[in-house]
Amino acid sequence: QQPVQSPQAVILREGEDAVINCSSSKALYSVHWYRQKHGEAPVFLMILLKGGEQKGHDKISASFNEKKQQSSLYLTASQLSYSGTYFCGTTGGKLIFGQGTELSVKP
Amino acid sequence: GAGVSQSPRYKVAKRGQDVALRCDPISGHVSLFWYQQALGQGPEFLTYFQNEAQLDKSGLPSDRFFAERPEGSVSTLKIQRTQQEDSAVYLCASSPGPADYGYTFGSGTRLTVV
């Protein structure tokens, strides 16, 4: 029931792009994305409510493929501030989080 | 308030001691959630309130865990007879409604059972 995220970890140089994937074995109602920095609370990034929806702000965007039960988070032209652990969360009632993807952006 | 407030920030308990963790959600937020986060893991669902009603407590690990939100605002998570495996960060989150909204998390309470 827990969504599966890939990759588990990624290291980038500033300015590089990354994609984080989230997939579920169950039908998805919606997908949330959060970022958590070490020792801090998870911070809400965005929610996707229906299949085919794409959202974004700044250089972070996401898509939701309802049929494939997948969502992807796209980070373009990464900045040092993007470092942290990214979690997807899937709902079918309560929000269940994936195991996280640790993203490190180096200068 | 401006954000979700949790107290205490840190708690050290001796094994067998009872603890109470407090969560003060954003004013007007209907939904309140408790999660447990072990080091290096994603938050794991414990329980969910809509106003004062506890709609889902399926994630509570044992009957030593109890949560309440008597007036539909502040919530307390109580753990009786703490065990070492209870050591974790306990996160509280609130949202304006039960679905279709992002969650705002508090900074958490780090519980260490010794």
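The values are calculated or read from the model by the stated rules, or taken from the named source; none is laboratory data. Keep in mind that what you see is a predicted model, and the values were worked out from it rather than measured. For neighbour counting, all protein chains shown are included, and Cβ atoms are generated from backbone atoms with ideal geometry for every residue, glycine included. Just the protein is used for accessible areas: all its heavy atoms, side chains included, with ligands, DNA and RNA removed. Shrake-Rupley method; radii C 1.70, N 1.55, O 1.52, S 1.80 Å.
The ratio of the alpha-carbon radius of gyration of chain A to the globular-protein estimate 2.2 N^0.38 Å is 1.00.
Within a straight-line Cα-Cα reach of under 17 Å, B:Lys78 can be paired with the following aspartates and glutamates, leaving aside sequence neighbours fewer than 8 residues apart in one chain: B:Asp18, B:Asp24, B:Glu44, B:Glu52, B:Asp56, B:Asp63, B:Glu68, B:Asp86. All Cα-Cα separations within chain B were binned at 5 Å from zero, giving a P(r) of 2, 13, 24, 27, 19, 10, 4, 1, 0, each value a whole percent of the pairs.
Once each of the GluC sites (Glu not before Pro) sitting in a DSSP loop with at most 13 other beta-carbon atoms within 10 Å is removed, chain A keeps A:41-107 as its longest stretch. Take the Cα of A:Val43, step 7 Å toward its Cβ, do the same at B:Ala53, and the gap between the two points is 3.5 nm.
Normalising by the residue count of region A:4-106, find the relative contact order in percent from Cα pairs under 8 Å and 6+ residues apart.
Details: 255 pairs, mean separation 38.4, N = 103.
Across region A:4-106, relative contact order equals 37 percent.
Grab the other residues whose beta carbon is less than 9 angstrom from that of A:Tyr74, score K and R as +1, D and E as -1, and report the net.
Details: positive: A:Lys59; negative: A:Asp17.
Once all neighbours under 9 Å are counted, the net charge is 0.
Treat each spin label as a single point 7 Å out from the Cα along the C-beta direction, and report the A:Lys68 to B:Ala20 distance in nm. Distance between label points: 5.0 nm. Count Lys and Arg as plus one, Asp and Glu as minus one, and take only other residues whose Cβ is under 13 Å from that of A:Lys50; the net charge is then -1.
If the protein assembly as shown were replaced by its equivalent ellipsoid, with semi-axes equal to the square roots of 5 times the Cα gyration tensor eigenvalues, what would those be, largest first, whole Å?
On the way: eigenvalues 178, 79, 49 Å².
Equivalent ellipsoid semi-axes, largest first: 30, 20, 16 Å.
Quick one: among B:Ala88, B:Ala53, B:Ala99, which has the greatest mean-square fluctuation in a GNM of chain B with alpha-carbon springs under 10 angstrom? Highest fluctuation of the listed residues: B:Ala99. For the pair B:Phe66 and B:Val12, label points projected 7 Å from Cα toward Cβ lie 2.8 nm apart. Quick one: of A:Lys106/B:Lys14; A:Lys68/A:Lys106; A:Lys50/A:Lys106; A:Lys55/A:Lys106, which pairs are farther than 29 Å apart, Cα to Cα? Check vs 29 Å cut-off fails for A:Lys106/B:Lys14; A:Lys68/A:Lys106; A:Lys50/A:Lys106.
Loop by DSSP (not H, G, I, E, B), at most 14 other beta-carbon atoms within 10 Å: where is the longest site-free stretch of chain A for trypsin sites (Lys or Arg not before Pro)?
Values: sites that count: A:Lys26, A:Lys37, A:Lys50, A:Lys59, A:Lys67, A:Lys68.
Formally, the longest exposed-site-free interval is A:69-107.
Loop-located GluC sites (Glu not before Pro) across region B:23-108 with a Cβ neighbour count of 16 or fewer within 10 Å are B:Glu52, B:Glu71, with loop assigned by DSSP.
Dipole magnitude for the protein assembly as shown: computed about the Cα centre from +1 point charges on Lys and Arg Cβ and -1 point charges on Asp and Glu Cβ, it is near 320 debye.
When each pair of different Cα atoms in region B:60-114 is counted once in the 1/r mean, what is the Kirkwood radius in angstroms, to one decimal?
On the way: mean 1/r = 0.0773 Å⁻¹.
12.9 Å is the Kirkwood radius here.
Rank these by accessible area, largest first, 1.4 Å probe: B:Ser73, A:Ser30.
Values: B:Ser73 50, A:Ser30 0 Å².
Greatest to least solvent exposure: B:Ser73, A:Ser30.
Using heavy atoms of the protein chains and a probe of 1.4 Å, the accessible area assigned to A:Ile11 is about 120 Å².
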